[in-house]
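Okay, here's the structure, questions in a sec.
A short reminder: the numbers here are calculations on the coordinates, not readings from a lab. Everything numeric in this text was worked out from a predicted model, so none of it was measured. Cβ coordinates were reconstructed from backbone atoms using ideal geometry, including for glycine residues, and neighbour counts include every protein chain displayed.
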Amino acid sequence: MTVRLRPHHLLCLLTYAGKGYNPAFTANYDVIAGRISGGEAIRIVDGPDDICAPLLAGDEPHCRRESVTERDRLAARDLEKLLNTPIPPGTEVELDAELLLGMRVAFAAGRTREACLGCEWSDLCSSIAANGYAGTRVRAAE
């Protein structure tokens, strides 16, 4: 199987440490973090992804807002610069140890943080990055 992620979630997974919008969201994210850490490939998608699943019920879910779409656009742009390759929907990413480390170094240095502006989780993610990503749930597959 493949984990489907929207571009800004490719950044969010760098600092995911078991906190989220609600218990269902966190439980789902823990499963996804385990799948990625177990070596499953990531496929970039346009719009709601596997992480969004618990938030899609109800009227006007957060995952479909224009601000989230803009966050994806900014994240994709930053990641394309970092990876030196386009990452349109359908792109598959293998998150090995080298790539995960490189992405975390760039994130901590602020080179891939434009999508984070205005995000309610930005301060938490900054703190996690500043503390060497201690307690994060996504590890590179071995």
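In segment 61-89, what count of residues is obtained for those that are in a loop (DSSP other than H, G, I, E, B), out of contact with any helix residue (DSSP H, G or I) (no Cβ under 6 Å at 6 or more places or on another chain) and in contact (Cβ under 8 Å) with a residue 40 or more places away in the chain?
Counting residues in segment 61-89 that are in a loop (DSSP other than H, G, I, E, B), out of contact with any helix residue (DSSP H, G or I) (no Cβ under 6 Å at 6 or more places or on another chain) and in contact (Cβ under 8 Å) with a residue 40 or more places away in the chain gives 2.
Still on this structure, please answer the following. Any chance segment 49-56 includes a residue that's free of Cβ contacts under 8 Å to residues at least 12 places away in the same chain, more than 20 Å from Ile32 (Cα to Cα) and either loosely packed, with under 14 Cβ neighbours inside 10 Å or of a type in the set (S, T, N, Q) (or both)?
Looking for residues that are free of Cβ contacts under 8 Å to residues at least 12 places away in the same chain, more than 20 Å from Ile32 (Cα to Cα) and either loosely packed, with under 14 Cβ neighbours inside 10 Å or of a type in the set (S, T, N, Q) (or both), one finds none in segment 49-56, hence no.
Is there a residue in segment 51-60 that is under 14 Å from His8 (Cα atoms) and either of a type outside the set (A, V, I, L, M, F, W, C) or in a helix (DSSP H, G or I) (or both)?
Within segment 51-60, not a single residue is under 14 Å from His8 (Cα atoms) and either of a type outside the set (A, V, I, L, M, F, W, C) or in a helix (DSSP H, G or I) (or both).
Which one of these does Gly47 not meet: (1) within 23 Å of Arg111 (Cα to Cα); (2) touching a Cys at 6+ places or on another chain (Cβ under 8 Å)?
Result: Gly47 fails condition (1) only.
Also, quick follow-up: Taking the residues in segment 97-142 that are of a type in the set (D, E, K, R) and loosely packed, with under 13 Cβ neighbours inside 10 Å as candidates, determine which candidate is farthest from Glu70 (Cα to Cα).
In this case the residue turns out to be Glu142.
Please work out which residue is surrounded by the most Cβ atoms within 10 Å (Cβ to Cβ), limiting yourself to segment 12-28 and to residues that are of a type outside the set (Ser, Thr, Tyr) and in contact with a Lys or Arg (Cβ under 8 Å, 6 or more places away or on another chain).
Among those that are of a type outside the set (Ser, Thr, Tyr) and in contact with a Lys or Arg (Cβ under 8 Å, 6 or more places away or on another chain), it is Leu14.
Same structure again: What number goes with the only condition from (1) in a helix (DSSP H, G or I); (2) without any contact (Cβ under 8 Å) to a residue 24 or more places away in the chain that Gly110 does not pass?
Single failed check for Gly110: (1).
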